[in-house]
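Here is the structure we will look at, set down as structure tokens.
The values are calculated or read from the model by the stated rules, or taken from the named source; none is laboratory data. Because the structure is a prediction, the values reported are computed rather than measured. Because the Cβ atoms are built from the backbone with ideal geometry, glycine has one as well, and the counts that use them run over all protein chains shown.
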Amino acid sequence: MKNKYSIFSLIKNAFSYHENWQRAWRDPEPKKEYDAIIIGGGGHGLATAFYLAKKHDMTNIAVVEKGWIGGGNTGRNTTIIRSNYLWDASAGLYDHALKIWEGLSQELNYNVMFSQRGVMNLAHNLQDVRDLKRRTHANRLNGIDAVWLNTEEVKKFCPIINTSPDIRYPVLGGTLQRRAGTARHDAVAWGYARGADAMGVDIIQNCEVKGIKRNGDSVEGIETTKGFIKSKKIGVVAAGHSSVIANMAGLKLPLESKPLQALVSEPVKPIIDTVVMSNAVHAYVSQSDKGELVIGAGTDAYVSYTQRGSHDVVEGTLKAILELYPIFSRMKMLRQWGGIVDICPDASPIISKTHIKGLYFNCGWGTGGFKATPGSGDLFAYTIANDEPHKLNADFNINRFVSGDLVDEHGAAAVAH
Amino acid sequence: MFLINCPYCGERDQSEFSAGGEAHIVRPKQPTELNDDQWAEFLFMRKNIKGVQLERWNHAHGCRKWFNMVRDTSNDKIHAVYKMGEKPPIK
């Protein structure tokens, strides 16, 4: 990397009042042809390009992005990272990602502010208790750290939670994954972009895909707002717009795109030093380094591509937050936004080849894709480079909807996914 | 989209309704004769259109009747509602 970030580069640039930092990635015009094109410049797409260049020596590749990189769901999520999934396939996938997260800042030479502050999932009824205990056991069998906490231990770990037995959904306990935590989402996109660019990957922003050119059963390239770009391998990582791209190639996917909302409060002093999620009442909260409470709400039940969402969803989430954390009752919310998430019927992603040669899809991450960003990119890069899935994403193929071999995390991960 | 014009009750708040997904997916007449691909198509594959789409909705906290809707998913504007069994009005 020509411009390595370190304490020395920081000191050096301090002498010139930080006016001579070089741009972190180029702004190239598209070439006529690439060995592979990634559609979608979010975290997953940029990570895919990064690992294609780093591990598979494919450097003549491009990432095309209709807006700016990291401006979609990468910059709209609540930055939670965990791997305590029930099923073996999911545990393998998400823990692969978590292991990469643990060394990512060093690997990218870019501080992604990965903070293993722990993620606690609360149980509010007997079924929750049974499900979460079962999940704890399943996690341990898969080598993933997980502990069960009773109500007193929950209160001790996060003292601001209302553990009174008199509330509508009392806290009966919870699970804790200590290796889980948060990261700075923008930095993930920027770090991967910078790393990929340094290895020769062209990151082309403000370039919307308008069509996919097919020749019989294989792909030939993409039609974009910056003209036709030829490539025999196309990886689609378009999140909420995956179906739109699939339709261009004459393909139908088992996805529904829905708005998922989040909101942040005004910044306050440190009050919550972990991430607490509650599936039953659908509320999850953490605190950013700036001091804002980061609150995740749910999805709307209907298909929509507007990055807004309904008011009643936010209202429901805030009611739950206030019952669990009465201390937040006078907090003011600063911003609310929505991102479009593509949800699979089994709430698990698709990282797969398709029946069209050279066309690959990485989609269906639904409401929980951020945590998987490095693992998703690594495995998708493997799939594109070798034209076959890695063993960790073999179960996440598109044919599972035909064979019926679903990875049903809906019940296991519940709504806050 | 905060108000939905239920064909039976008139205009009501959206929170009274539940969404039932893509409309006009016909249940197979001879289920035993379907192969796995056809089942996957019926059960899972969705158009998921960005633009004008036909959907089923239920007035769950009202008359509890199902009806259809023509809605633009790119801006949440509702173009028309029509009863079950009726043909969709021209887009």
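When A:V303 is tested against (1) in a strand (DSSP E or B); (2) within 11 Å of another protein chain (Cβ to nearest Cβ); (3) over 22 Å from A:I81 (Cα atoms), just one condition goes unmet, and that condition is (1). For the stretch A:251-273, a residue qualifies if it is part of a loop (DSSP other than H, G, I, E, B) and in contact (Cβ under 8 Å) with a residue 40 or more places away in the chain, and the qualifying residues are A:L251, A:P254, A:L255, A:V268, A:I271, A:I272, A:D273.
Is it true that some residue in the stretch B:69-84 is β-branched (V, I, T), part of a loop (DSSP other than H, G, I, E, B) and at pLDDT 95 or above? Scanning the stretch B:69-84 turns up at least one residue that is β-branched (V, I, T), part of a loop (DSSP other than H, G, I, E, B) and at pLDDT 95 or above.
Taking the conditions exactly as written (free of Cβ contacts under 8 Å to residues at least 40 places away in the same chain, of a type in the set (V, I, T) and within 19 Å of A:L253 (Cβ to Cβ)), does B:T32 satisfy them or not? First the steps, then the outcome.
Details: free of Cβ contacts under 8 Å to residues at least 40 places away in the same chain: yes; of a type in the set (V, I, T): yes; within 19 Å of A:L253 (Cβ to Cβ): no.
No; evaluated as a whole, the condition is false for this residue.
If the condition is being of a type outside the set (D, E, K, R) and either buried (at least 19 other Cβ atoms within 10 Å of the Cβ) or within 14 Å of chain B (Cβ to nearest Cβ) (or both), then the stretch A:393-404 contributes A:N393, A:F396, A:N397, A:I398, A:N399, A:F401, A:V402, A:S403, A:G404.
Summed over the stretch A:278-300, residues that are more than 10 Å from every other protein chain (Cβ to nearest Cβ), surrounded by 20 or more Cβ atoms within 10 Å (Cβ to Cβ) and in contact with a Pro (Cβ under 8 Å, 6 or more places away or on another chain) total 2. Set side by side, the residues B:K83, B:K87, B:K65 differ, and just one is under 11 Å from the mean Cα position of the chain (by Cα), surrounded by fewer than 17 Cβ atoms within 10 Å (Cβ to Cβ) and more than 10 Å from chain A (Cβ to nearest Cβ), which is B:K83. Within the stretch A:340-363, restricting attention to residues that are in a loop (DSSP other than H, G, I, E, B) and closer than 21 Å to A:R214 by Cα, the residue that is nearest to the chain's Cα centre (by Cα) is A:T354. Screening the candidates A:R168, A:R135 for the property of being part of a loop (DSSP other than H, G, I, E, B) and touching a residue at least 24 places away in the same chain (Cβ under 8 Å) yields one hit, A:R168. Filtering the stretch A:197-206 to residues that are assigned to a loop (DSSP other than H, G, I, E, B) and crowded, with 21+ Cβ neighbours inside 10 Å leaves only A:V201.
Within the stretch A:274-297, the set of residues being closer than 20 Å to A:N84 by Cα and assigned to a loop (DSSP other than H, G, I, E, B) comprises A:T274, A:N279, A:A280, A:V281, A:H282. Picking from residues in the stretch B:1-52 that are part of a loop (DSSP other than H, G, I, E, B) and charged (D, E, K, R), the one that is nearest to the other protein chains (Cβ to nearest Cβ) is B:K50. Hey, could you check the stretch A:1-31 for residues that are of a type in the set (A, V, I, L, M, F, W, C) and exposed (fewer than 10 other Cβ atoms within 10 Å of the Cβ) and say which is farthest from A:I69 (Cα to Cα)? In this case the residue turns out to be A:F15.
Listed by first and then second residue, the pairs with beta-carbon distance under 6 Å, at least 6 apart or on different chains, first residue in the stretch B:38-64 and in contact (Cβ under 8 Å) with a residue 12 or more places away in the chain, second assigned to a loop (DSSP other than H, G, I, E, B) and among the aromatic types (F, W, Y), are B:K50/A:Y305; B:W57/B:F17; B:H59/B:F17; B:C63/B:Y8. You will find that of A:R184, A:R194, the residue that is buried (at least 21 other Cβ atoms within 10 Å of the Cβ) and under 22 Å from A:Y51 (Cβ atoms) is A:R194 and no other. When residues in the stretch A:138-157 are screened for being touching a residue at least 40 places away in the same chain (Cβ under 8 Å), outside any helix (DSSP H, G or I) and hydrophobic (A, V, I, L, M, F, W, C), 2 of them pass.
Looking at this structure, is A:G75 touching a residue at least 40 places away in the same chain (Cβ under 8 Å), crowded, with 23+ Cβ neighbours inside 10 Å, under 16 Å from the mean Cα position of the chain (by Cα) and closer than 30 Å to A:P270 by Cβ? In short, no. With respect to (1) touching a residue at least 60 places away in the same chain (Cβ under 8 Å); (2) within 24 Å of the chain's Cα centre (by Cα), the lone exception for A:I161 is condition (2). How many of the residues in the stretch A:318-339 are more than 14 Å from chain B (Cβ to nearest Cβ) and either of a type in the set (K, R) or part of a loop (DSSP other than H, G, I, E, B) (or both)? Final tally of qualifying residues: 6. Look at A:G309 and say whether it is touching a His at 6+ places or on another chain (Cβ under 6 Å), at pLDDT below 95 and not hydrophobic (A, V, I, L, M, F, W, C). Answer is no for this residue.
In this structure, A:K156 qualifies as surrounded by fewer than 15 Cβ atoms within 10 Å (Cβ to Cβ) and farther than 23 Å from A:F114 by Cα.
Considering the stretch A:208-266, the residues that are on the phi > 0 side of the Ramachandran plot and within 14 Å of chain B (Cβ to nearest Cβ) include one that is surrounded by the fewest Cβ atoms within 10 Å (Cβ to Cβ), namely A:G250.
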